[in-house]
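Here the structure comes first, spelled out in structure tokens, and everything after it is commentary.
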Amino acid sequence: MAGHSKWANIQHRKGAQDKKRAALFSRLSKELTIASKMGGPDPDGNPRLRLAIQNARGQSMPKDNIQRAIDKGQGGGGDDYVDIRYEGFGPGGVGIIVEASTDNKNRAATDIRTAFSKNGGNLGETGSVSFGFDQVGEIEYPPEAGSEDEIMEAAILAGAQDVESDESGHFIYTAREDLQTVADALAEHFGDAVEAKSTKLIWKPQNTVPIEGDAADTLMKLLDVLDDLDDVSNVYDNSELSDEEAARLAGE
């Protein structure tokens, strides 16, 4: 599997996203509300809500905010949301998968198509990109959770498939169907000492596409524009930046 150390672009974007605290809380709140509306307010009987609560807690979202978002989903009326996946190509032939939760499919499609077309990309048919990705579970723990060896041992015992660690944290990968089981086992292992920063299904590329220079600049602009769209939940791509290129983009 490609290591996160090779996915310098992901770390570059994570750093930018971490600065958008208000936007992050807004996205977490939206997912809590949608999950509550679609599957009910009880996390024990609603796996999507259970994950949403775990992710909100992992980002230190206040309990009152979490409960308000859940209650909003039970408020009656309101908009009905649907989950849609879009696939397309960015500069340099980079494959991009966009997951959206929207109450207006036409708006979401128009905004996403515009983002691609104005930033050197184009939308493709469903399946045109995802065949080159694997959908797996990803559980992210902060560096202070333990050493690479300690996390590896705990993850294997919990039933995980793979672990990748770098200075930003530990990324534990599971089979799609094992995500919650592994997450629960790790939560029991760590207890109150440390919480996972995120627990989710992701699209992980089977192979990466090296990209640099102007194409890298344009790609990062496209990914940032997509990330900022209200309807967009997650953006995945298969680009690979060298450490030097990532440093350049980060202005280091």
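A single entry from ASP18, ASP42 fulfils the requirement of being modelled with pLDDT under 90, open to solvent by 50 Å² or more (accessible area, probe 1.4 Å) and among the acidic types (Asp, Glu): ASP18. Taking the criterion of being open to solvent by 10 Å² or more (accessible area, probe 1.4 Å), farther than 30 Å from ASP184 by Cβ and not in a helix (DSSP H, G or I), would at least one residue in region 95-112 satisfy it? Yes, some residue in region 95-112 is open to solvent by 10 Å² or more (accessible area, probe 1.4 Å), farther than 30 Å from ASP184 by Cβ and not in a helix (DSSP H, G or I).
Would you confirm whether or not region 73-93 contains a residue that is over 19 Å from the mean Cα position of the chain (by Cα), within 30 Å of GLY191 (Cβ to Cβ) and either open to solvent by less than 20 Å² (accessible area, probe 1.4 Å) or of a type outside the set (Lys, Arg) (or both)? Yes, the conditions are met somewhere in region 73-93.
So, ALA115, is that one in a helix (DSSP H, G or I), free of Cβ contacts under 8 Å to residues at least 40 places away in the same chain, touching a Leu at 6+ places or on another chain (Cβ under 8 Å) and not aromatic (Phe, Trp, Tyr) or not? When the stated conditions are applied, ALA115 does not pass them. Only one of the numbered conditions (1) at pLDDT 90 or above; (2) more than 30 Å from GLU125 (Cα to Cα) is violated by GLY95, and that is (2). Which members of region 178-193 meet the condition of being within 20 Å of the chain's Cα centre (by Cα) and not polar (S, T, N, Q)? The answer is ASP178, LEU179, VAL182, ALA183, ASP184, LEU186, ALA187.
The values are calculated or read from the model by the stated rules, or taken from the named source; none is laboratory data. Since the model is a prediction, treat every value here as computed from it, not as a measurement. For neighbour counting, all protein chains shown are included, and Cβ atoms are generated from backbone atoms with ideal geometry for every residue, glycine included. Surface areas here come from the heavy atoms of the whole protein model, side chains and all, with no ligands, DNA or RNA. Shrake-Rupley method; radii C 1.70, N 1.55, O 1.52, S 1.80 Å.
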